[in-house]
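The values are calculated or read from the model by the stated rules, or taken from the named source; none is laboratory data. Just so it is clear, the structure is predicted and the values come from calculations on it, not from any experiment. As a convention, Cβ positions derive from the backbone with ideal geometry for all residues, glycine included, and neighbour counts pool all protein chains shown.
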Amino acid sequence: MTSNRTRGSVLVMTVIFLPVMIGTVFIALATGRLVHARAVIQASADLGALAALNNVDLARLANGELWIDPETAIRDARLWASECLMVNLSDTLDSSEVVIDVVVDNLAWEGNPSVTVAVTVRELRLRGIPVPVNVSCRATATVGRVQ
């Protein structure tokens with residue numbers, strides 16, 4: 001049999017620890033949203049870099065030279081990266097500024113052209129996080145010769 005004194009102490013402990021436990025749950029949910037958003041932004045950078053590699057100049061390739069057409073590579077990289085962001089983060093990108101930088105390096109070491117895509121989302125507002133965050137991810141893809 002419990003005394004009134006014991007019941008009162010349980011009530012006090014519940015009142016003290018319940019807000020702490022609820023706060024911990026909210027922090028875990030906010031962290032999960034941030035990790036998911038970063039994974040989507042990284043995937044969009046990866047997708048943009050890989051899409052840009054599809055623009056190998058076939059006329060030059062016939063002469064044995066690997067060359068990526070910079071104009072179409074930059075266009076495709078931005079298109080695919082932004083599409084990936086819109087499909088996966090459309091509800092959170094309303095007030096955010098998205099910057100997609102693409103660098104095509106045809107004069108890379110050993111003649112293997114590469115494409116680097118950097119995706120930066122500024123002022124990303126996620127539910128559960130009271131302040132906007134900036135997230136930036138980078139991906140590099142290289143096309144090489146099969147020996």
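Side notes on the structure shown:
- Qualifying residue in segment 45-56 (condition: within 30 Å of Gly23 (Cβ to Cβ), out of contact with any strand residue (DSSP E or B) (no Cβ under 8 Å at 6 or more places or on another chain) and among the polar types (S, T, N, Q)): no
- Positions within segment 125-134 being among the aliphatic types (A, V, I, L, M) and either modelled with pLDDT of 95 or more or not in a strand (DSSP E or B) (or both), in sequence order: Leu126, Ile129, Val131
- The single condition from (1) under 30 Å from Thr92 (Cβ atoms); (2) modelled with pLDDT under 90 that Met13 fails is (1).
- Segment 42-74: number of residues that are in a helix (DSSP H, G or I) and charged (D, E, K, R): 3
- Segment 17-38, subset among the small types (Gly, Ala, Ser) and surrounded by 12 or more Cβ atoms within 10 Å (Cβ to Cβ), residue nearest to Arg122 (Cα to Cα): Ala37
- Candidates Leu47, Leu61, Leu53: the one that is at negative phi and exposed (fewer than 15 other Cβ atoms within 10 Å of the Cβ) is Leu61.
- Residues of segment 76-105 satisfying the condition of being under 19 Å from Val56 (Cα atoms), under 19 Å from the mean Cα position of the chain (by Cα) and without any contact (Cβ under 8 Å) to a residue 40 or more places away in the chain: Asp76, Arg78, Leu79, Trp80, Ala81, Val103
- Residue within segment 69-82 that is modelled with pLDDT under 90 and in contact with a strand residue (DSSP E or B) (Cβ under 7 Å, 6 or more places away or on another chain) present: no
- Of all the numbered requirements in (1) closer than 16 Å to Ala45 by Cβ; (2) modelled with pLDDT of 90 or more, Ser96 misses one, and that requirement is (2).
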